[in-house]
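Got a structure for you, questions after.
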Amino acid sequence: MTAPAPHAWDAEVDVAVAGGGACGVMTALRAARDPGLTVAVFEKSTRDGCNAAISSGSLAAGGTRWQAAAGVEDSPRRHADDIIRAGGDEEWRPVVEALCAAAPDLVHWIADTGYPVELGLDMPRAGMAARRLHTDTGRLGGARLMRHLRGLLDGYGNAAFVDEAPVVDLVTGDGGVTGVAVSQNGVLQRVRARSVVLATDGFANNPALVGEHLPHLGTPFYGGVSTSTGDALGWALRLGARLRNMGAGLRSGLVVAGHGTRVSPALPFNGAVLVDRDGERFVDEESKGYSSMAGVLRRRPGERAAMVWDAAAMAATRESEMMRESLAAGAVRDCPTIEDLAGALGRTVEETERALTPLPGRRRLTAPYHLAWVTHGLLTTQGGLVIDPGGRVLDGAGRPIPGLYAGGGTACGLAGPHSDGYLSGNGLLSAFGMGWIIGNALAGR
Ligand SMILES: Cc1cc2nc3c(=O)[nH]c(=O)nc-3n(C[C@H](O)[C@H](O)[C@H](O)COP(=O)(O)OP(=O)(O)OC[C@H]3O[C@@H](n4cnc5c(N)ncnc54)[C@H](O)[C@@H]3O)c2cc1C
């Protein structure tokens with residue numbers, strides 16, 4: 001198997017979590033409620049960060065109290081059906097349903113710990129039958145949420161968050177996983193654990209693995225953190241684990257070329273249009289999720305297009321963290337007149353007028369306009385380890401590998417086999433949802 005069973009352990013805990021991002025911290029928070037358990041989170045480097053902290057922090061949940069208050073009809077079942085319809089992976093339904101069932105409980109719990117949650121009624125997304133993205137009231141994104149959750153973990157005397165301590169391998173024995181090997185200040189420590197949770201996210205920053213599994217992406221802008229190097233996949237594979245849907249990613253067709261910020265996915269629902277370098281409209285902007293739109297942009301001239309919107313669309317979206325960052329970065333060009341817009345697009349006024357022709361039932365944009373050249377990017381991978389609905393890592397025969405759990409980007413995600421199947425909110429749902437499920441089960445033992 002992997003690292004040889006050591007003669008002596010350097011430390012012992014009940015639960016060892018590899019990775020202190022969304023899944024890892026949620027697992028630890030839920031497990032540590034049991035005072036009889038000791039929990040350690042080993043984090044590669046908070047300086048380099050986790051994707052949860054650079055995310056928009058949008059939490060997808062169907063059947064919440066905010067939806068009820070707003071008269072939005074939704075349920076975990078409806079949520080799961082949307083995910084399966086988008087991704088087409090019916091076989092994965094048991095995991096999807098378990099996560100969607102956990103989602104309202106975990107978002108309620110996050111709010112009940114003092115975090116200001118609201119329903120994003122202004123956050124429509126392709127593929128969603130109901131408004132179900134929840135966010136913080138200030139729209140500050142995932143950094144605020146992760147600070148809050150890590151702060152909560154500090155309050156548990158039976159839990160430790162060990163930073164700058166990458167897990168480098170699993171320790172095995174007795175036919176299962178018995179601990180982790182951790183590198184601290186260059187010294188290898190062996191930590192014994194009854195349960196090990198892999199929460200190290202995906203492999204989007206591992207060029208060899210991306211080249212092997214997602215060669216169709218070409219050379220996208222990379223918008224995730226440096227720590228996503230797929231470390232845990234090799235350890236689990238050596239124990240007989242399986243991989244699934246490795247060709248899927250969370251892509252974005254909203255990355256501003258030359259800046260790396262993103263514009264709001266709500267823009268197309270407020271009338272924004274996409275015009276390519278030849279001055280052509282090429283897609284129904286509302287019909288595509290941003291992950292799917294990345295594939296469309298990759299096929300356009302120069303692998304980019306101009307997103308054009310007006311003052312009304314700007315007013316409806318400017319408070320999102322994505323728009324604030326793009327505006328602050330100077331990534332948005334203001335075009336007071338149609339002549340200015342035509343100049344920015346490199347087309348004649350007539351061609352520009354034609355490009356702005358609204359699709360049936362949509363409104364016409366009016367001056368003043370705003371423009372950003374958007375391209376495609378890769379944010380995270382969505383393929384990973386096969387798990388059961390309880391987060392247990394399964395081997396080739398479908399049997400749980402004793403002592404081993406995985407969630408978030410380390411496990412197979414919810415997009416199905418292709419990036420086009422990614423629905424907004426799937427990433428944090430897999431991560432917080434599986435952390436919730438695994439941590440609750442460990443605490444309940
Ligand atoms: C720009 C951007 C915006 C996004 N917006 C959203 C959104 O609004 N809603 C949504 O649902 N999803 C969003 N996502 C996706 C979401 O952030 C991820 O799916 C989610 O964070 C995955 O959670 P995780 O716990 O698996 O990984 P992470 O949150 O990335 O945490 C993994 C942690 O593991 C650590 N680690 C890695 N290797 C090791 C190792 N060997 N040992 C110890 N620690 C290790 C890393 O340092 C990191 O801290 C976004 C992603 C990006 C990049």
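For R354 and T137, calculate 0.36 nm times their separation in residues minus their Cα-Cα distance, and state this gained length in nm to one decimal.
Value of the extension gain: 74.2 nm.
If packing is taken as the average count of other Cβ atoms within 10 Å, what order do 283-291, 249-257, 95-103, 144-152 fall into, highest mean first?
Highest mean packing first, the order is 249-257, 95-103, 283-291, 144-152.
Grab the beta carbon distance between L121 and Q184, set R0 = 35 Å, and tell me the FRET efficiency rounded to 0.05.
With a Förster radius of 35 Å, E is 0.15.
Then there is this: Output ³J(HN,Hα) for the range 406-412: one whole-Hz value per residue in order, computed from phi by the Karplus curve 6.51 cos²θ - 1.76 cosθ + 1.60 with θ = phi - 60°, and x for Gly and Pro.
With the stated coefficients, the range 406-412 comes to 8, x, x, x, 6, 9, 4 Hz.
Å³ per residue of the Cα convex hull, for the chain?
Measuring per residue, one finds 132 Å³ for the Cα hull of the chain.
Any idea how far apart S287 and E339 come out in nm if each label point goes 7 Å out from Cα toward Cβ?
Distance between the two pseudo-spin positions: 3.6 nm.
Once the piece of chain linking D174 and E319 is laid out straight, how much longer is it, given 0.36 nm per residue of separation minus the C-alpha distance between them?
Full extension from D174 to E319 adds 46.8 nm.
Report, by chain and number, residues whose modeled amide H sits under 5 Å from the one on E12, excluding near sequence neighbours (fewer than 5 apart, same chain).
R192
Something else: Please state the equivalent ellipsoid semi-axes for the range 348-445: what are the square roots of 5 times the Cα gyration tensor eigenvalues, largest first, in whole Å?
46, 14, 11
Ok, one more. Expected output is a single nm value to one decimal: the length gained when fully extending between S75 and E164, i.e. 0.36 nm times separation in residues minus the C-alpha distance. What is it?
That works out to 28.0 nm of additional length.
Projecting each Cα onto the charge dipole of the chain (Lys/Arg +1, Asp/Glu -1 at the beta carbon, about the Cα centre), which of P358, V95, G343 comes out farthest on the positive side?
The residue sitting farthest along the positive end of the dipole is V95.
I need two numbers for the range 250-378: Rg to one decimal and Dmax as a whole number, Cα atoms only, in Å.
For the range 250-378, the Cα radius of gyration and maximum Cα-Cα distance read 13.1, 37 Å.
Something else: Rounded if a/c is under 1.5, else prolate if a/b is larger than b/c, else oblate: which is the range 1-108, with a ≥ b ≥ c the root eigenvalues of its Cα gyration tensor?
Prolate, since a/c reaches 1.5 and a/b exceeds b/c.
Moving on to the next point. For a protection proxy built on the mean count of beta-carbon atoms within 10 angstrom, sort 436-444, 66-74 highest first, please.
Per-residue Cβ counts within 10 Å, averaged per peptide and sorted highest first, yield 436-444, 66-74.
Check D310: other-chain or 5+ apart residues with amide H under 5 Å from its amide H, H built from backbone geometry?
Distant-sequence amide H within range of D310: H370.
Report the antiparallel proportion of the DSSP beta bridges in the chain as a percent, rounded to a multiple of 5.
65
Right, something else. Residue-wise, which Karplus ³J(HN,Hα) couplings in Hz belong to the range 242-257, taking 6.51 cos²θ - 1.76 cosθ + 1.60, θ = phi - 60°, and x for glycine or proline?
Ordered by residue, 3J(HN,Hα) equals 10, 10, 9, 6, 5, x, 9, x, 8, 9, 9, x, 10, 7, 7, 4 Hz.
With θ set to phi - 60° and the Karplus curve 6.51 cos²θ - 1.76 cosθ + 1.60, what are the ³J(HN,Hα) couplings of the range 212-223 in order, to the nearest whole Hz, using x for Gly and Pro?
Couplings: 6, 9, 10, x, 5, 6, x, 10, x, 4, 9, x Hz.
Just so you know, all these numbers are worked out from the coordinates, no wet-lab data involved. Remember, it's a predicted structure, so these values are computed and weren't measured experimentally. Here the Cβ is made from the backbone with ideal geometry for all residues, glycine too, and neighbour counts use every protein chain on show.
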